[in-house]
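The values are calculated or read from the model by the stated rules, or taken from the named source; none is laboratory data. What you see is a predicted model; the values in this text were computed from it and never measured. Here the Cβ is made from the backbone with ideal geometry for all residues, glycine too, and neighbour counts use every protein chain on show. Protein only, heavy atoms only, side chains kept; ligands, DNA and RNA dropped before computing areas. Shrake-Rupley method; radii C 1.70, N 1.55, O 1.52, S 1.80 Å.
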Amino acid sequence: MSERVMQRMLAPLKRGLSNLLARAVVSGIDSAGRMQLLQVRLLGSEVKADIEHLEPYGYTSCPHAGAEGLTVFLDGDRSHGLVIMVGDRRYRLQGLQGGEVALYTDEGDYLHFKRGRIAEINTGTLLVKASTKVRFETPLVETTGDLLDSAASNTRTVAGMRTVYNGHTNGAGTTTPTPSM
């Protein structure tokens, strides 16, 4: 068998393998459905629309246009692809140590599981919704700010209540002594 014949026989296999994986740049996102669909630009200015973005169970994100991804075309068939991973170097949290894990956003919010068993959350407002209760199993809870309970109906903080208590009178016109601890 000549080399030319061998190359001709292997050409479809070579083409299929070269079309199997492709780097992609996200240019459009449809996150409304059960499966997120992306429009991507591939090498050579090839544009593919409605490419399914497979995400790990229990995790979802909506990338910005300009994020980069890895697209898989099963059997090298470019008519149906899957985006299996999207990353965005513009916003990636930097400086993690080996073994650390983080979730992050383009706004600078993050949840960072650090070495030494420390979980650090950085955000503007942290809202926890629990239908039954929130329970802390720890010997100490610290805050650098003030506390407000029953926030929907109460406007006085713990520091505010302490000020009122320390300055109240006993009804006979004399100030109650400040408690000693």
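Compared with the direct C-alpha span, the chain from Lys14 to Tyr165 gains 46.2 nm at full extension, assuming 0.36 nm per residue. Surface composition of region 1-51: carbon and sulfur atoms hold 56% of the protein heavy-atom accessible area at a 1.4 Å probe. Helix 158-167 against the longest principal axis of the chain: what's the angle in degrees, Cα atoms only, rounded to the nearest 10? Relative to the chain, helix 158-167 is tipped by roughly 10 degrees. Between Asp109 and Ser61, residue separation times 0.36 nm minus the direct Cα-Cα distance comes to 15.9 nm.
Across region 43-118, Cα pairs under 8 Å and at least six residues apart give a relative contact order of 23 percent. Here the accessible area is traced with a 1.4 Å probe on the protein chains. For region 63-115, carbon and sulfur cover 52 percent of it. Computed with every protein chain present, the accessible area of Met9 is close to 110 Å² [probe 1.4 Å]. Here the label points at His80 and Gln94, each 7 Å from Cα along the C-beta direction, are separated by 4.2 nm in the simple model. Structural descriptor for region 1-78: relative contact order 38 percent, calculated from alpha carbon pairs under 8 angstrom and at least 6 residues apart.
Given the Cα-Cα distance of Leu147 and Val134 and 0.36 nm per residue of separation, how much length would full extension add, in nm?
Numbers: separation 13, 0.36 × 13 = 4.68 nm, distance 1.55 nm.
That works out to 3.1 nm of additional length.
For trypsin sites (Lys or Arg not before Pro), the sites in region 1-75 that DSSP calls loop and that have at most 13 other Cβ atoms within 10 Å are Arg34. Applying a DSSP loop filter and a limit of 12 other Cβ atoms within 10 Å to the chymotrypsin sites (Phe, Trp or Tyr not before Pro) in region 1-79 leaves Tyr57, Tyr59.
Entry note, the chain: relative contact order of 12 percent, from Cα contacts under 8 Å with a spacing of 6+ residues.
Compute the FRET efficiency between Leu54 and Thr157 as 1/(1 + (r/R0)^6), taking r as their Cβ-Cβ distance and R0 = 45 Å, and round to the nearest 0.05.
On the way: r = 47 Å, r/R0 = 1.05.
Given R0 = 45 Å and the Cβ-Cβ separation, E is 0.40.
Averaged per residue, what accessible area in Å² does the chain show with a 1.4 Å probe, protein chains only? Before the final figure, lay out each step's value.
Working: 14520 Å² over 181 residues.
That works out to 80 Å² per residue.
Angle of helix 3-18 to the longest C-alpha principal axis of the chain, folded into 0 to 90 degrees and rounded to 10: 20°.
Computed on protein heavy atoms with a 1.4 Å probe, the accessible areas place Thr144, Thr71 in the order Thr144, Thr71, largest first.
Applying a DSSP loop filter and a limit of 16 other Cβ atoms within 10 Å to the trypsin sites (Lys or Arg not before Pro) in region 105-135 leaves Arg115, Arg117, Lys129, Lys133, Arg135.
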